[in-house]
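Every number here is computed from the coordinates shown, using simple stated rules; none is lab data. Keep in mind the model is a prediction, meaning the values are calculated, not measured. As a convention, Cβ positions derive from the backbone with ideal geometry for all residues, glycine included, and neighbour counts pool all protein chains shown.
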Amino acid sequence: MKKFENFCSALGNLEVGLNLPEPLNIAEETGLIAMFEICFEQTWKVLKAVLENEGYREAKTGSPRQILPKIGEKPPALAVGMNSKK
């Protein structure tokens with residue numbers, strides 16, 4: 001699943017940024033914020049795809065406000081969906 005690969009890449013980049021020695025300069029801080037935003041976007045895109053695959057109508061909108069609360073509703077299905085796509 002390409003979306004999951006993109007998420008993993010974004011998460012890896014964020015982890016690198018989080019391991020930078022402090023204090024961060026303004027460029028590093030700005031980059032870290034951007035990496036968080038990208039990681040957040042990739043996270044909900046993966047969740048949207050998994051929920052669509054599981055038949056959730058709300059996932060069609062693509063809105064994080066509707067998708068993120070669904071995370072805890074059906075954890076086994078999400079876990080199976082994520083593991084089977086690796």
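Is it the case that some residue within segment 32-42 is exposed (fewer than 15 other Cβ atoms within 10 Å of the Cβ) and either touching a residue at least 60 places away in the same chain (Cβ under 8 Å) or of a type in the set (Gly, Ala, Ser) (or both)? Yes. Output the qualifying pairs, or none if there are none: Cβ atoms under 9 angstrom, residues six or more apart or on different chains, first residue in segment 49-65 and in contact (Cβ under 8 Å) with a residue 40 or more places away in the chain, second residue assigned to a helix (DSSP H, G or I) and of a type in the set (A, V, I, L, M). Taking only residues 6 or more apart or on different chains, the pairs are Ala49/Ala59.
Any idea which residue in segment 1-31 is farthest from Val46 (Cα to Cα), counting only those that are among the polar types (S, T, N, Q) and exposed (fewer than 15 other Cβ atoms within 10 Å of the Cβ)?
Ranking the qualifying residues of segment 1-31, first place goes to Asn25.
Considering each residue of segment 27-50 in turn, none proves to be of a type outside the set (Val, Ile, Thr), touching an Asp or Glu at 6+ places or on another chain (Cβ under 7 Å) and more than 16 Å from Phe7 (Cα to Cα).
Hey, can you tell me all the residues within segment 7-55 that are outside any helix (DSSP H, G or I) and touching a Lys or Arg at 6+ places or on another chain (Cβ under 6 Å)?
To start, the set of residues in segment 7-55 that are outside any helix (DSSP H, G or I) comprises 19-25, 54-55.
If the condition is that a residue be outside any helix (DSSP H, G or I) and touching a Lys or Arg at 6+ places or on another chain (Cβ under 6 Å), then no residue fits.
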